[in-house]
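Reading through the structure tokens given below for one structure.
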Amino acid sequence: MDFKYEKTLRFNVGNRLKGKSYLKPGDERYLLSGRVIIEEKMDGRQAIFDTERFILCTEDLKDRRSVAYRIPARFAVFEVVDKDVHLFVPRGEKKEVVRYFMANRSLLPPQLSNGGIFLVPLIETGKFTANDLANLVKDHGVSAYAMNPDTREPSFMEGIVVKPDRDLLTMEQLRGKIVRTEFLEGMTSEQLRKSAGLNEIDRSLFPNGLR
């Protein structure tokens, strides 16, 4: 299967930033016309892996970037493609695929088998306006896994990714994201210096890694 995970564009909320790509108004209206799934946007490097039946789209969280994490495994799975039917799998099935591979790590590519996988956190499902989403990012705030590297207290998530509810819609690359104001404005050199290093992997965080 020839597969490429297309870039996730931003919702048209708040101030538009130069050099960033935004959803067309018509695409934004269409995306929000039905039920959506809202997942936490995690700050890593995209890594896509091909297994016998599934394509696993992940964030490689080994290195700290602008967010420090305490996570149950190195790779956060944010999308799964079923190659037999060329479809994204729905959230519930995605959870089962991750659970299956966790129990059968020998079936994973070596890098995933060694680093381990977990599922990106689910925040909400339902119907929302763009303003609802912006308020959710502002009010929800705290990440499932981000931490302050100095105090080790829970910290803010980078943002959210919004996609069609895969139980209702088939293969579709239309999705959008909203990034918290702190990250839109950019991190200071001091913050970036403190974030440098490796994220912390804590296996005791399972089964949170499957919620």
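Between region 97-135 and region 1-37, how many Å separate their Cα centres?
Taking the Cα centre of each part, region 97-135 and region 1-37 sit 20 Å apart.
Can you tell me the length gained on complete extension of the stretch residue 165 to residue 200, counting 0.36 nm per residue apart and subtracting the Cα distance?
Separation in residues times 0.36 nm, less the Cα-Cα distance, equals 9.5 nm.
Using a Gaussian network model of the chain whose springs link C-alpha atoms within less than 10 Å, name the residue from 125, 181, 151 with the highest mean-square fluctuation.
Its mean-square fluctuation being the largest, the pick is 151.
Based on other C-beta atoms within 10 Å, arrange 64, 99 from fewest to most.
Fewest to most other Cβ atoms nearby, the residues stand as 99, 64.
When the convex hull of the C-alpha atoms of region 18-83 is computed, what volume per residue in Å³ does it have?
148
So in region 15-171, what percent of DSSP beta bridges are antiparallel if you round to the nearest 5? Let's see the in-between values first.
Details: 28 of 31 bridges.
Roughly 90 percent of the beta bridges in region 15-171 run antiparallel, per DSSP.
How long are the semi-axes of the ellipsoid equivalent to region 90-157, from square roots of 5 times the Cα gyration tensor eigenvalues, in whole Å, largest first?
29, 20, 8
Give the order of 85, 162, 120 when sorted by the count of other beta carbons within 10 angstrom, beginning with the fewest.
Listed from fewest to most nearby Cβ atoms, that is 85, 120, 162.
For the chain, what is the calculated [θ] at 222 nm in deg cm²/dmol (nearest 500), taking -39500 (n - 2.57) for each run of four or more DSSP H residues and dividing by its residue count?
Values: 6 runs with 48 residues, N = 211.
Value at 222 nm, helices only: -6000 deg cm²/dmol.
Give the dimensionless ratio obtained when the Cα radius of gyration of the chain is divided by 2.2 N^0.38 Å.
My calculation over the Cα atoms of the chain gives 1.00.
Report the full-extension gain for the segment residue 125 to residue 208: residue separation times 0.36 nm, less the Cα-Cα distance, to one decimal in nm. Don't jump to the answer; show the numbers that get you there.
Values: separation 83, 0.36 × 83 = 29.88 nm, distance 1.81 nm.
Stretched out fully, the residue 125 to residue 208 stretch lengthens by 28.1 nm.
Skipping prolines and chain starts, which residues have an amide H placed within reach, meaning under 5 Å, of the one on residue 74, given they are 5 or more residues away or on another chain?
So residue 74 has HN proximity to 116.
Over 31 Å between Cα atoms, which of 94/177; 18/94; 7/127; 18/83; 20/127 qualify?
Among 94/177; 18/94; 7/127; 18/83; 20/127, the Cα-Cα distance tops 31 Å for 18/94; 18/83.
Residue-wise, which Karplus ³J(HN,Hα) couplings in Hz belong to region 26-35, taking 6.51 cos²θ - 1.76 cosθ + 1.60, θ = phi - 60°, and x for glycine or proline?
With coefficients 6.51, -1.76 and 1.60, one gets x, 5, 5, 4, 5, 4, 8, 7, x, 5 Hz.
What Kirkwood radius, in Å to one decimal, follows from the Cα pairs of region 54-130?
Evaluated over region 54-130, this radius sits at 13.6 Å.
Take 82, 139, 2 and order them by how many other Cβ atoms sit within 10 Å, fewest up front.
Sorted ascending by nearby Cβ count, the order is 2, 139, 82.
Near residue 138, which aspartates and glutamates are there with a Cα under 15 Å away, not counting those fewer than 8 places off in the same chain?
Counting by Cα, and skipping residues close in sequence, residue 138 has these aspartates and glutamates nearby: 39, 40, 124, 158, 182, 185.
Just so you know, all these numbers are worked out from the coordinates, no wet-lab data involved. Not measured: the values here are computed from a predicted model. Here Cβ is always computed from backbone atoms with ideal geometry, including for glycine, and neighbour counts include all displayed protein chains.
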